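None of the figures in this text is laboratory data; all of them are computed from the coordinates on show. These figures come from a predicted structure and were not determined experimentally. When we count neighbours, we look across all protein chains shown, and the Cβ atoms used for this are built from the backbone with ideal geometry, even at glycine.
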Amino acid sequence: MGNKNGGKTTIILRCLEREESPKPTLALEYTFGRRARRHNTPKDVAHFWELGGGTSLVELIRIPITSHNIRSFAVVLVLDLSKPNELWTTMESLLQVTRNHVNKILTKLEKTNPEVAAEIKQRMWNNLQRDHPDSALVDPFPIPLVIIGSKYDIFHEFDSEIRKIISKTLRFISHYYGASLVFTSKSEALLLKARALINHLAFGYDKSKSVSVDPSKPLFIPAGLDSMSQIGPPPASDSDLGKMRANTPLELWKKVFEKTFPPKSLCDLQDTKDPAQDSQYAEYEVDVMRAQKNQGCILLSILHRNEELEQYKRNASKSWKEMDFDSD
């Protein structure tokens, strides 16, 4: 899932080694691939669902993610690096709905199969080494997550300071969620790196341990191999950080990022080719109710100050190793 026209289909085709021209994805599309880990062994089957329409059809993620496959499910979020003003809104919307759905499944599993629920929750903390200094600052996504920054070829032409802000922010987001991060484009070498991360999740191939954090080059950071001390504080002055009100480090980074890249609202990101708007599917009563619902597309956020965040901001210019965070 990810930005509309962000390159999701191309990435899937390359992962499955299919020489096909990508076509626009309508709603939720399915395909699969087979791979053998070794010679003369049965092939594993990986199921791929691709969510089309950017954020407009996000509720469809409830279809493929179920209690039956939750143990082997992973999410690949493709963010278009050439559209930084859409980046945070797209990421937040897609991950929030997905996380809420997964958490509902885990809540039910805790009642019917508590051992499996506990295993899934613990697995996402396994990427962090025991006693990792960032354990109180991160909030791992409940299932494996890969974040792909697509269209690196366009992104590479941006001003160096702009690239640094975007790269640093995506490093923070990925580390915060316990996700892997890779930048890619139509370049075969970069597509192979994205393919390696996906093949690790889909077919159990060995996890790459190489890391590239240089903002002047394509980022490649497998889950658990980054840290807050290496990422550094949000790219803002101490005085600006002190004026920002937020509940969590994630909200603080969001405010800093959106100061440079004012976001588009979810309404603006809706797919103009949404099948629900097609005249051939018109139903008067349904369309009237839908129109009323769309009028309510307003984002409200109430942010309150808390001690932990204030401490985070006060220490933002210091070395992460010097910071002192309260833990619950």
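Within the range 29-87, report the trypsin sites (Lys or Arg not before Pro) that DSSP leaves as loop and that have at most 13 other Cβ atoms within 10 Å.
Of the trypsin sites (Lys or Arg not before Pro), the ones in loops of the range 29-87 whose Cβ has at most 13 other Cβ atoms within 10 Å are Arg37, Arg38, Lys43.
Which pairs, out of Lys4/Lys151; Lys8/Lys186; Lys8/Lys83; Lys23/Lys186; Lys23/Lys193, put more than 20 Å between their alpha-carbon atoms?
Distance filter (> 20 Å) returns Lys23/Lys193.
Subtract the Cα-Cα distance of Ser239 and Ser135 from 0.36 nm times their separation in residues, and report this length gain in nm to one decimal.
Separation in residues times 0.36 nm, less the Cα-Cα distance, equals 34.7 nm.
Return the subset of Lys168/Lys209; Lys209/Lys254; Lys43/Lys121 for which the Cα-Cα distance in this structure is over 23 Å, preserving the input order.
On the way: Lys168/Lys209 20 Å; Lys209/Lys254 29 Å; Lys43/Lys121 28 Å.
Correct reply: Lys209/Lys254; Lys43/Lys121.
Quick one: length gained pulling Thr31 to Lys111 fully straight, 0.36 nm per residue minus the C-alpha distance? Please list the in-between numbers first.
Numbers: separation 80, 0.36 × 80 = 28.80 nm, distance 3.24 nm.
So the chain would gain 25.6 nm between Thr31 and Lys111.
Could you calculate the contour length gain from Trp125 to Asn85, that is, 0.36 nm times the residue separation minus the distance between their Cα atoms, to one decimal place in nm?
Extra length from Trp125 to Asn85 when fully extended: 11.3 nm.
Tell me, what is the percent relative contact order of the range 31-79, built from C-alpha pairs under 8 Å that lie six or more residues apart?
Contact order relative to length: 23 percent.
Hey, can you rank 189-195, 155-161 by average C-beta count inside 10 Å, highest first?
Per-residue mean Cβ counts within 10 Å order the peptides as 189-195, 155-161.
Highest first, please rank the peptides 76-85, 93-102 by the mean number of other Cβ atoms sitting within 10 Å of their residues. The partial results should precede the final answer.
On the way: 76-85: 22.2, 93-102: 17.5.
The packing order, highest mean first, is 76-85, 93-102.
How big is the gap, in Å, between the Cα center of the range 1-51 and the Cα center of the range 177-240?
When both Cα centres are located, 20 Å separates them.
Over the range 170-233, what is the relative contact order in percent, taking alpha-carbon pairs closer than 8 angstrom and at least six residues apart?
Relative contact order comes out at 40 percent.
Can you give the FRET efficiency to the nearest 0.05 for Ser216 and Asn40, using r as the Cβ-Cβ distance and R₀ = 51 Å?
Between Ser216 and Asn40 the formula returns 0.70.
Need one number: nm distance between label points at Ser72 and Phe158, each 7 Å from Cα along Cα→Cβ, rounded to one decimal.
3.7
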